[in-house]
């Protein structure tokens, strides 16, 4: 056991603190260390040393790799036995590790790290106490990849768990990170940087060979975006939901319409009504052949959207009642009801575009409600940030019908007014997002330039450019792979 402890504590070596190694030497040393750990049986990691648990001899920050092997072995031992309450000290260790491990070290043991996240997902289901495991999964994923920009198999697993456990807010730290990369194979003939290098983008170290993700398919990506949209819908974040639904619709396909696309299309029509008040324009890049197969099966949704645009509340309510069975079967009954409520909201918002102020009695008559109900409803719109307006009482009477609703045309005044500090903070946050996306775009361009199809295109273009000097025609367009090609085939 003494030899085992010495092996576990051998990385990083003490001389690293005196003279930090080069990236190449670090890469060599850590790979050799992992080879030694792989030779140790899982049962050895859970044995006591002189009456002390092995994991207590390790520092989760300095000895992150050894700590990970040990805690995964302990979780595996628990998983293979009869279900019993998880020891409190194990929860503490998991919490400390997931929030403090060295992400550079863990890049070299991706399979073990993914197993840890999968164990946390299992614990959430087995013990029917999801919030803590969900939070630890999120902490671990974002410590491994703070940008959250590379899609992994754990992304889908995590969002599925958040939906099933009804912990929708816990999904936001992952969903709010734009996906711009996917695990890929190393490009032949191109020397890759060491995993410990200062990579600009996470897709440089989250690869199919890293173990940080199992193989993912185009359907996995579609399901992630659909479940993400459902999460945003549950949280009433309509614009984000619409964007995710559009990601499902524009996903590369071989002119086939999937069930995921059908579900996304129906939700997309309804969510668009909540944002734009009409049927939306189809997103650029949508597969027209797949769309033609989807539309005939969604006539009821399209008719509902057309009636909404007509502005007739009675017809809209009648259509909603007539299709109630369909909405229920599709899991969209809540969205349809939300659209009905939004129709009324839009009527009030439209009034703000014409009037500066209106008596409560006039608004109540316009909506067909009593002044008391209307006042309560308008108060909700104002406090929820959907309407920049305030209710002014008549000091001479407490009668609700005597109140005045005052509209504010912009965010410089009224209840929704923002201070200069708030505006500045929003601009700084937006600038940071743009800079992050710029890094991702730069890496995407680099990878594209190494793509076989692009290299062939570049060679053809160069040849044609030379011909153009002699008076020949020059083709300036590159359409990329043909329309029928599955752009994500390599993900399967």
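The values are calculated or read from the model by the stated rules, or taken from the named source; none is laboratory data. No experiment lies behind these values; they were computed from the predicted model shown. When we count neighbours, we look across all protein chains shown, and the Cβ atoms used for this are built from the backbone with ideal geometry, even at glycine.
Values for this structure:
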read-out	value
Where residue 344 falls short, out of the listed (1) exposed (fewer than 13 other Cβ atoms within 10 Å of the Cβ); (2) over 28 Å from the mean Cα position of the chain (by Cα); (3) free of Cβ contacts under 8 Å to residues at least 40 places away in the same chain; (4) over 30 Å from residue 252 (Cα atoms)	(1)
Search result, residues across the range 400-441 that are within 22 Å of residue 348 (Cα to Cα) and in a loop (DSSP other than H, G, I, E, B)	403, 408, 409, 410, 411, 412, 413, 414, 415, 416, 417
Filter result (in a helix (DSSP H, G or I) and under 14 Å from residue 213 (Cα atoms)) within the range 149-167	153, 154, 155, 156, 157, 158
Candidate set from the range 280-308 (those that are in contact (Cβ under 8 Å) with a residue 12 or more places away in the chain and under 17 Å from residue 238 (Cβ atoms)); member that is surrounded by the fewest Cβ atoms within 10 Å (Cβ to Cβ)	283
Selection count where residues are within 29 Å of the chain's Cα centre (by Cα) and farther than 30 Å from residue 376 by Cα, scope the range 404-422	1
Qualifying residue in the range 368-380 (condition: touching a residue at least 12 places away in the same chain (Cβ under 8 Å), out of contact with any helix residue (DSSP H, G or I) (no Cβ under 9 Å at 6 or more places or on another chain) and over 19 Å from residue 275 (Cβ atoms))	yes
Filter result for the condition that a residue is modelled with pLDDT under 95 and either assigned by TED's automatic domain parsing to the domain that holds residue 20 or in a loop (DSSP other than H, G, I, E, B) (or both), over 183, 146	183
Test: residue 135 is without any contact (Cβ under 8 Å) to a residue 40 or more places away in the chain, surrounded by fewer than 19 Cβ atoms within 10 Å (Cβ to Cβ) and farther than 20 Å from residue 76 by Cβ	yes
Breaking point among (1) in contact with a helix residue (DSSP H, G or I) (Cβ under 9 Å, 6 or more places away or on another chain); (2) surrounded by 16 or more Cβ atoms within 10 Å (Cβ to Cβ); (3) not in a loop (DSSP other than H, G, I, E, B), for residue 334	(2)
From the options 320, 300, 375, residue that is part of a helix (DSSP H, G or I) and more than 17 Å from residue 267 (Cβ to Cβ)	375
Long-range neighbours under 6 Å by Cβ, at least six apart or interchain, first residue within 15 Å of residue 124 (Cβ to Cβ) within the range 73-92, second surrounded by 10 or more Cβ atoms within 10 Å (Cβ to Cβ) and modelled with pLDDT of 90 or more	75/119
Helices (runs of 4 or more DSSP H) within the range 1-118 that include 1 or more residues surrounded by 12 or more Cβ atoms within 10 Å (Cβ to Cβ) and touching a helix residue (DSSP H, G or I) at 6+ places or on another chain (Cβ under 7 Å)	2-8, 23-38, 64-79, 88-100, 103-106
Any hit, the range 256-277, residues being in contact (Cβ under 8 Å) with a residue 24 or more places away in the chain, in a loop (DSSP other than H, G, I, E, B) and within 30 Å of residue 347 (Cβ to Cβ)	yes
